[in-house]
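Read the structure below first, then the notes.
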Amino acid sequence: MKRKQQAHPVTTQAKAITAEYNTILSGMVELLETARHTAARAVNSVMTATYWEIGRRIVEFEQGGKRRAEYGEQLVEQLSNDLTARFGRGFGRSNLFQMKAFYLAFSDSEKSRQCLDNLKLQQLSNAFPSPGPTMCCC
């Protein structure tokens, strides 16, 4: 006579371990997704401030020269060649002119300067939110 094999029921302890595991896993998934999102925002903030600063340096260097318009074209061309050789894509003539225009558009007012300065503060605020109002000067 053959014995029937009984299915082993999942014990209460195994269910508890599974529930605890799912809790710790979901917490870690949330933590990693938040960290990745925060890192992307941080990079965007830093790169925005960097492009503004590149534009500022181009403008200030050009204004120090006597043949500003003529020399500006040569300066941007040379910077484009050198930066592209060193860092790769993203530093073509048109991008450098856009960085210059970005600086010119946001250099005249104290409020614009404060907004750019607050990029780092916003990054921290987003990483560690508080129940109070958000920080933005714009």
Extreme residue, nearest to residue 105 (Cα to Cα), among residues of region 18-48 that are among the acidic types (Asp, Glu) and at pLDDT 90 or above: 33
When residues of region 63-82 are limited to those that are assigned to a helix (DSSP H, G or I) and touching a helix residue (DSSP H, G or I) at 6+ places or on another chain (Cβ under 8 Å), the one modelled with the lowest pLDDT: 68
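So, of the residues in region 13-46 that are hydroxyl-bearing (Ser, Thr, Tyr) and out of contact with any helix residue (DSSP H, G or I) (no Cβ under 8 Å at 6 or more places or on another chain), which turns out to be nearest to residue 99 (Cα to Cα)?
If we filter region 13-46 for residues that are hydroxyl-bearing (Ser, Thr, Tyr), which is where we start, we get 18, 21, 23, 26, 34, 38, 45.
Pick out the ones that are also out of contact with any helix residue (DSSP H, G or I) (no Cβ under 8 Å at 6 or more places or on another chain) and you get 18, 21, 23, 26, 34.
Numbers: 18: 53, 21: 49, 23: 46, 26: 42, 34: 30 Å.
Checked region 13-46; the qualifying residue nearest to residue 99 (Cα to Cα) is 34.
The values are calculated or read from the model by the stated rules, or taken from the named source; none is laboratory data. Computed from a predicted model, the values in this text were never measured in an experiment. Reconstructed Cβ throughout: ideal geometry from the backbone, glycine too, with neighbour counts over all protein chains shown.
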